[in-house]
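Reading through the structure tokens given below for one structure.
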Amino acid sequence: VSALRIGVIGAGIMGTDHAELLDGSVSGAIVTAVADVDPARAADLAARLESAQVLASGEDVIRSGACDAVVIASHDTSHAAFTLAAIDAGLPVLCEKPLAPTAAECRAIVAAERAAGRRLVSVGFMRRFDPAYVALKAELSSGRLGDPLLVVAQSRGVTSGPGATSEFSITGSAIHEFDVVPWLVDSELVEVRWTAPERQPHGLADPQVMLGRTAAGGLVTMETYLNARYGYDIRCEILGSAGAAALRDPATVVSATALTRSTGYPADWRPRFREAYRLELQAWIDALRSGDDSPLADAVDGLRATLVAEAAIASMRADGAPVAVEPV
Ligand SMILES: NC(=O)c1ccc[n+]([C@@H]2O[C@H](COP(=O)([O-])OP(=O)(O)OC[C@H]3O[C@@H](n4cnc5c(N)ncnc54)[C@H](O)[C@@H]3O)[C@@H](O)[C@H]2O)c1
């Protein structure tokens with residue numbers, strides 16, 4: 001089979017990274033079309049790729065006939081419309097997280113894919129491909145930790161982007177925890193309660209702490225802090241009935257200077273998860289070429305994470321009262 005022709009919608013940070021990985025570091029794929037509402041960004045990206053044309057819109061990428069599959073890396077609020085258009089055109093799609101910011105949109109996608117009668121949708125929950133998370137899941141699956149009783153998950157970034165809100169922190173950032181924690185412990189989140197400091201020097205509720213319960217009877221604390229300032233820092237520890245395991249700090253160099261021993265932090269998610277993005281894209285392409293089921297998160301996983309986000313937002317608006325997660 002010749003290389004799959006991939007269209008990329010959205011030529012920002014993620015669209016650019018995905019397109020460059022697909023062209024340069026993933027076998028069996030070539031980016032043939034890109035689009036962005038900002039045509040200069042699409043042109044900049046196309047110029048860095050081997051043989052991509054710039055098209056006027058995401059709809060054009062889907063309808064052009066120039067692509068066998070599409071990656072959606074545009075604004076969160078545009079994900080549902082593009083994903084539905086791709087399903088309608090019969091194109092496999094890798095949609096960046098969140099599948100959509102509202103459960104209603106995610107449900108429409110799940111229904112459209114069911115009507116199409118085959119798996120078309122994959123969601124960019126790349127932590128499932130991060131070697132450290134994969135090893136943590138394997139450690140739990142080995143049985144050595146016993147039953148998971150408490151997961152402590154923390155996501156910290158340097159600064160929030162312009163226009164970030166307390167709700168965006170949940171649908172855009174904490175959503176990674178809502179996918180990866182149930183995946184790790186193999187049990188859905190069924191209830192969530194939300195809290196945050198009353199002090200808001202960053203202009204939004206930040207950090208936020210969410211307490212979740214899993215169907216299997218475990219507890220989860222999930223902290224999201226967009227403005228931690230000191231670095232991009234992702235932590236996760238599983239406390240089980242027979243032992244505990246945690247992600248280790250991924251920094252690989254320790255410096256000794258000026259009476260201090262130190263390691264660095266990445267400035268954002270790209271260096272931390274670069275290998276996860278590459279492995280995720282390769283797994284997506286391999287499945288499309290072989291006809292096997294995609295091992296990426298599917299539309300129902302995308303819906304499930306957004307349902308937890310909606311419960312967290314409802315808890316935020318109810319002063320931290322526990323809120324049941326609506327079933328899929
Ligand atoms: N998996 C991850 O770790 C991860 C990390 C960061 C961002 N994301 C997700 O990736 C997506 C892109 O994020 P980003 O950081 O690259 O943002 P970005 O702002 O850098 O890029 C988004 C691009 O999409 C374009 N765009 C917006 N609406 C569009 C539309 N309707 N049609 C075509 N282009 C459109 C914008 O002009 C911009 O160039 C978001 O959904 C975000 O949530 C995922």
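The values are calculated or read from the model by the stated rules, or taken from the named source; none is laboratory data. Bear in mind that the values here come from a model prediction, so they are computed numbers and not experimental data. Backbone-built Cβ (ideal geometry, glycine too); neighbour counts: all protein chains shown.
A few points about this structure:
- Residues of region 11-66 that are near the ligand (Cβ under 10 Å from one of its atoms), under 17 Å from residue 83 (Cα atoms) and of a type in the set (S, T, N, Q): 57 alone.
- Residue pairs whose Cβ atoms lie under 7 Å apart, sitting 6 or more positions apart in sequence or on different chains, and linking a residue in region 59-77 that is assigned to a loop (DSSP other than H, G, I, E, B) to a partner that is surrounded by 16 or more Cβ atoms within 10 Å (Cβ to Cβ) and among the aromatic types (Phe, Trp, Tyr), are 74/82.
- Inter-residue pairs, beta-carbon under 7 Å, first farther than 17 Å from residue 273 by Cα and in region 5-26, second among the polar types (S, T, N, Q) and within 15 Å of the ligand (Cβ to nearest atom), 6+ apart: 9/74; 10/74
- Only one entry in 225, 230 is crowded, with 17+ Cβ neighbours inside 10 Å and among the hydroxyl-bearing types (Ser, Thr, Tyr), namely 225.
- Given (1) under 24 Å from residue 251 (Cβ atoms); (2) surrounded by 21 or more Cβ atoms within 10 Å (Cβ to Cβ), number of the condition residue 159 does not satisfy: (2)
- For region 155-165, the set of residues classified as touching a helix residue (DSSP H, G or I) at 6+ places or on another chain (Cβ under 9 Å) and in a loop (DSSP other than H, G, I, E, B) consists of 157, 160, 161, 164, listed by residue number.
- Scanning region 121-154 for residues that are within 16 Å of the ligand (Cβ to nearest atom), under 21 Å from residue 208 (Cα atoms), touching a helix residue (DSSP H, G or I) at 6+ places or on another chain (Cβ under 6 Å) and part of a strand (DSSP E or B) gives a single hit, 153.
- Of 261, 270, all but one fail to be under 30 Å from residue 165 (Cα atoms) and either more than 16 Å from the ligand (Cβ to nearest atom) or part of a helix (DSSP H, G or I) (or both); the exception is 270.
- Filter result for residue 161 (under 19 Å from the mean Cα position of the chain (by Cα) and at pLDDT below 95): yes
- When residues of region 280-299 are limited to those that are buried (at least 18 other Cβ atoms within 10 Å of the Cβ) and more than 15 Å from residue 3 (Cβ to Cβ), the one modelled with the lowest pLDDT: 294
- All told, residue 1 meets the bar of being within 26 Å of residue 87 (Cβ to Cβ), modelled with pLDDT under 95 and not in a strand (DSSP E or B).
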